[in-house]
């Protein structure tokens, strides 16, 4: 089957969203938090008012943990452009940045230049392991949920690619676990899978409607999950036992109706960040109360996020891909990210 083009993909996702809204698990239809003041999508190739983030802030004094001060908190700036859409994003332990872009994986440099280092079919999520090898989700040639041609790959930073596991129709987001495996979501289903580094695939939890972005809590005893293709935009918490087995799950927040929550990240204060792919925003959620606020807007289709790492990226900014845009953004938050389980 030929690859489905982007516009058709968006229509299919919308149809899937309606179906899950009618029958998805934990879909309460609560849209009271809808933000009527959402900023329109920014069609400009670059943000003319954004500060230039190409150079490391001189005030950092070579301390890679110091927040940069060149870009005001809440402002965004274009880091890189020229992509035919991008999705996954991740930093190596040395602070090298990689994104999945249409048909491959790109190495993005601090000055905004980039080059493709690996070719895949339809790469989506990226997660580094402690060995500095990328674990990459690939949809395969079809995004249809009934076509089981998706796969997980291992990609080194020089582009060497090996198949890790098949058997997931549309692997979307991937995160490394504290116990040394991978969790992989498929937003076209209600399943989060677990994949070991020898390629063994199992169901980690079922019944979670349209799971996408995932991030562990500070104590690693819960996993926060974005519910993408559900109209009332749920954010879930999956509770874990001491061995990392999924126990119960619950909806802890509902974002703006039709937001299509996508990527997820966690800051040093335990607050959860979600991209609203359908509304062009990033929101910050208190997982205790479910309250949330907009921290950035004016993007087209923000997808995945990663806090900066290494000497050449701001540790207090989040770097953001866009599904249907040519840009990768830097958004200044003024707070550090909480270390991922692989760090």
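In table form, for the structure just shown:
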item: The listed residue being touching a residue at least 12 places away in the same chain (Cβ under 8 Å), under 18 Å from residue 305 (Cα atoms) and surrounded by fewer than 23 Cβ atoms within 10 Å (Cβ to Cβ), out of 218, 194; result: 218
item: So residue 313, is it at pLDDT 95 or above, closer than 21 Å to residue 182 by Cα and surrounded by 21 or more Cβ atoms within 10 Å (Cβ to Cβ); result: no
item: Selection status of residue 225, crowded, with 24+ Cβ neighbours inside 10 Å and either within 14 Å of the chain's Cα centre (by Cα) or not in a loop (DSSP other than H, G, I, E, B) (or both); result: yes
item: So residue 249, is it in contact with a strand residue (DSSP E or B) (Cβ under 7 Å, 6 or more places away or on another chain) and within 21 Å of residue 88 (Cβ to Cβ); result: no
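Okay, residues lined up against (1) farther than 23 Å from residue 81 by Cα; (2) crowded, with 19+ Cβ neighbours inside 10 Å:
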| residue | (1), (2) |
| --- | --- |
| 250 | yes, no |
| 255 | yes, yes |
| 263 | no, yes |
| 288 | yes, no |
| 297 | no, yes |
| 301 | no, yes |
| 323 | no, yes |
| 331 | no, yes |
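The values are calculated or read from the model by the stated rules, or taken from the named source; none is laboratory data. The structure presented is a predicted model; accordingly, all values stated were derived computationally and were not measured. Neighbour counts are summed over all protein chains in view; Cβ atoms, including those assigned to glycine, are modelled from backbone coordinates with ideal geometry.
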